[in-house]
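Q: Have a look at the structure that comes next, please.
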Amino acid sequence: MSEASYTPPRVWQWEAPSGGAFANINRPVAGATHDEALPVGRHPLQLYSLATPNGAKVAILLEELLAAGFEGAEYDAWLIRINQGDQFGSGFVEVNPNSKIPALVDRSTSPPQRVFESGAILLYLAEKFGAFLPRDPARRTECLSWLFWQMGSAPFVGGGFGHFYAYAPEKYEYPINRYTMEVKRQLDVLDRQLAEHRYVAGEDYTIADIAVWPWYGGLVLNQVYGAAEFLDAQRYRNVLRWADEIATRPAVQRGRMVNRTWGAPAEQLHERHDASDFALRTEDKLNPAQG
């Protein structure tokens, strides 16, 4: 199938929204669009997020830290509705000038420390608590290599494949084929690594797994873009084995629910301020701000 050719103008101008999902929040400039302070809870760590694959990473790590006995990892998780432009509020932009979720503020430091970009947050928390990041230099380096592999690869999965396959206003063969090929190559990279190791960076569960699982585990478990059949996910047996194992971890199951606003009500917890929020979840408790 051929597509109409396009000749780029000499100077690109933003003349109209691009269309498709999230078109109302896409723009070629940065900065706040409105004044809105961020809420602050009672815990040292304040998470501002949505349970996209990038957002889920941080909630999963925080739940893993709490499960491992790190009481200082208690946190408040505030919902940022990106489809409504919450990320362009002045308070959020102060925490993350890039206006992307997730963002974290550590109020246990003076002054409070902002952290943005999901990989940076994972690394910050792992170093803060001395957990889920190997101390041995060689194993630490391997872990960080896979963490940055995921950060560098994710735009091809999300902004590339996810956009053109699931969200674009029209389906075009070339971009779908181009990004599908790249995503399948990445799955093959991961599958070959997991053929020789229990976890992404070796035999220990680390922030590399926590970074990679919401994206690639989500793809093969059909939790991201509904594309498992299209990608022939069953062929990546080692990724599936690993994805299934990670999915059984209670902390992962809890973390996936935090700031989630879609799917079955039992899988959603719009805000999280205490561990008891998971057990007390009701229709009113889904969003404590409205309960």
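Bear in mind these aren't lab numbers, they're just calculated from the coordinates by the rules spelled out. All of these numbers come straight from a predicted model, not from anything done at the bench. FYI the Cβ positions are ideal-geometry reconstructions off the backbone, even for glycines, and counts take in every protein chain you see.
Q: If a residue has to be among the hydroxyl-bearing types (S, T, Y) and in a helix (DSSP H, G or I) to count, how many in region 175-205 make the cut?
A: The total comes to 2.
Residue-wise test of (1) surrounded by fewer than 20 Cβ atoms within 10 Å (Cβ to Cβ); (2) among the aliphatic types (A, V, I, L, M); (3) in contact (Cβ under 8 Å) with a residue 40 or more places away in the chain.
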position: E117; (1), (2), (3): yes, no, no
position: A131; (1), (2), (3): yes, yes, yes
position: F156; (1), (2), (3): yes, no, no
position: F161; (1), (2), (3): no, no, yes
position: A168; (1), (2), (3): yes, yes, yes
position: V200; (1), (2), (3): no, yes, yes
position: Y205; (1), (2), (3): yes, no, yes
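Q: List, please: which pairs have Cβ atoms under 7 Å, are six or more places apart or on different chains, and start with a residue in region 242-270 that is at positive phi and end with one that is of a type outside the set (S, T, N, Q) and assigned to a helix (DSSP H, G or I)?
A: Note: pairs meeting the criteria are N259/G55; N259/A59.
Q: For the subset of region 107-130 comprising residues that are under 19 Å from the mean Cα position of the chain (by Cα) and part of a strand (DSSP E or B), which member is nearest to R81 (Cα to Cα)?
A: Residue satisfying both the conditions and the ranking: F116.
Q: Only one of these conditions is not met by H163: (1) within 18 Å of the chain's Cα centre (by Cα); (2) not in a helix (DSSP H, G or I). Which number is it?
A: With respect to (1) within 18 Å of the chain's Cα centre (by Cα); (2) not in a helix (DSSP H, G or I), H163 is out only on (2).
Q: Ok, one more. Just wondering, is there one or more residues in region 274-283 that are among the basic types (K, R), within 19 Å of A51 (Cβ to Cβ), surrounded by fewer than 19 Cβ atoms within 10 Å (Cβ to Cβ) and without any contact (Cβ under 8 Å) to a residue 40 or more places away in the chain?
A: Scanning region 274-283, I find at least one residue that is among the basic types (K, R), within 19 Å of A51 (Cβ to Cβ), surrounded by fewer than 19 Cβ atoms within 10 Å (Cβ to Cβ) and without any contact (Cβ under 8 Å) to a residue 40 or more places away in the chain, so the answer is yes.
Q: In addition: Could you tell me how many of the residues in region 97-115 are free of Cβ contacts under 8 Å to residues at least 40 places away in the same chain, polar (S, T, N, Q) and farther than 21 Å from L144 by Cβ?
A: Of the residues in region 97-115, 2 are free of Cβ contacts under 8 Å to residues at least 40 places away in the same chain, polar (S, T, N, Q) and farther than 21 Å from L144 by Cβ.
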